[in-house]
1. Residue by residue through segment A:28-40, which ³J(HN,Hα) values in whole Hz follow from phi under the Karplus form 6.51 cos²θ - 1.76 cosθ + 1.60 (θ = phi - 60°), with glycine and proline marked x?
2. Pull up the cross-link candidates among the aspartates and glutamates for A:LYS73, meaning alpha carbon to alpha carbon under 20 Å and not fewer than 8 places away within one chain.
3. Would you please name the trypsin sites (Lys or Arg not before Pro) within segment B:1-95 that are DSSP coil residues with at most 12 other C-beta atoms within 10 Å of their C-beta?
4. B:ASN107's amide H: which non-local residues (gap 5+, or another chain) put their own amide H closer than 5 Å, with H modeled 1.01 Å from N in plane and none for Pro or chain starts?
5. Enumerate the amide H contacts of A:ALA88 below 5 Å, restricted to partners 5 or more residues apart or on another chain; note that Pro and chain-start residues carry no placed amide H.
6. At a Förster distance of 25 Å, what's the computed FRET efficiency of A:SER80 paired with A:TYR54, Cβ-Cβ distance as r, to 0.05?
7. With a Cα-only, solvent-free Debye model of the protein assembly as shown, what are the log10 I(q)/I(0) values at q = 0.11, 0.13 Å⁻¹?
8. I'd like the Karplus ³J(HN,Hα) series for segment B:39-55: coefficients 6.51, -1.76, 1.60, θ = phi - 60°, whole numbers in Hz, and an x wherever there's a Gly or Pro.
Amino acid sequence: AQTVTQSQPEMSVQEAETVTLSCTYDTSESDYYLFWYKQPPSRQMILVIRQEAYKQQNATENRFSVNFQKAAKSFSLKISDSQLGDAAMYFCAYRSPRSYTPLVFGKGTRLSVIA
Amino acid sequence: NAGVTQTPKFQVLKTGQSMTLQCAQDMNHNSMYWYRQDPGMGLRLIYYSASEGTTDKGEVPNGYNVSRLNKREFSLRLESAAPSQTSVYFCASTTGGAKASPLHFGNGTRLTVT
């Protein structure tokens with residue numbers, strides 16, 4: 001079974017600075033999908049970014065980008081120009097290529113943004 | 001567009017009571033999921049329904065049952081609630097076939113069992 005590990009339970013960043021959240025995963029599959037979700041205090045789960053393993057290029061969405069290292073099974077999230085609204089729990093998730101399979105989540109990293 | 005709607009938002013139960021969490025989606029999604037979220041544990045899968053008419057156990061199914069009532073609705077039942085089931089419950093859905101399609105989540109139900 002696949003597992004997802006987020007080794008940083010808590011992180012903090014100064015406003016306008018850059019922070020990187022770590023995620024590693026364990027799988028024997030060669031094709032798969034990776035996601036980062038944000039959960040603000042409202043409890044809502046919001047998709048931040050997604051990456052398909054067969055794509056070499058790292059995904060980017062505005063201030064959010066990933067560093068996908070397939071050989072190392074690493075999928076870190078970089079947040080640039082951090083804003084107060086970025087404060088949230090962030091979850092890394094893995095999805096097998098087999099249709100209809102659920103997402104497997106890491107335990108999350110709580111990000112604080114300091115003004 | 002409502003997306004994924006969960007009811008209720010909050011619930012307090014006594015040990016041994018039963019209840020059903022309701023979930024409905026209006027995105028014509030094939031697959032639906034129930035997760036629970038506990039502090040320090042991330043989201044863990046309870047049950048899922050790959051398509052209408054099918055259900056499968058996830059990582060933590062004990063103490064729960066599910067019903068895929070139709071394509072839109074997927075309910076989660078606690079027959080005899082226990083304090084260990086105190087948690088936040090999320091329903092989610094996705095098209096299923098498109099492998100990179102993300103999960104769309106409801107806003108969660110906070111359940112407390114005393």
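1. Here the 3J(HN,Hα) series is 9, 7, 9, 10, 6, 9, 10, 9, 10, 10, 10, 10, x Hz.
2. Correct list for A:LYS73: A:ASP26, A:GLU29, A:ASP31, A:GLU52.
3. On the way: sites: B:LYS9, B:LYS14, B:ARG36, B:ARG44, B:LYS57, B:ARG68, B:LYS71, B:ARG72, B:ARG77; in loops: B:LYS9, B:LYS14, B:LYS71, B:ARG72.
Here the trypsin sites (Lys or Arg not before Pro) that fit, given the DSSP loop and packing criteria, are B:LYS9, B:LYS14.
4. B:GLN6
5. Placed amide hydrogens put A:LEU111 under 5 Å from A:ALA88.
6. On the way: r = 26 Å, r/R0 = 1.04.
For A:SER80 and A:TYR54, the calculated efficiency is 0.45.
7. Per q value, in the given order, log10 I(q)/I(0) is -0.55, -0.77.
8. x, x, 10, x, 9, 10, 7, 9, 8, 8, 10, 5, 7, 4, x, 10, 9
Rule-based calculations on the coordinates, nothing more; no lab input. Only a predicted model underlies this, so the values are computations on that prediction, with no experimental measurement involved. In this analysis, Cβ positions are derived from the backbone assuming ideal geometry, glycine residues included, and neighbour counts consider all displayed protein chains.
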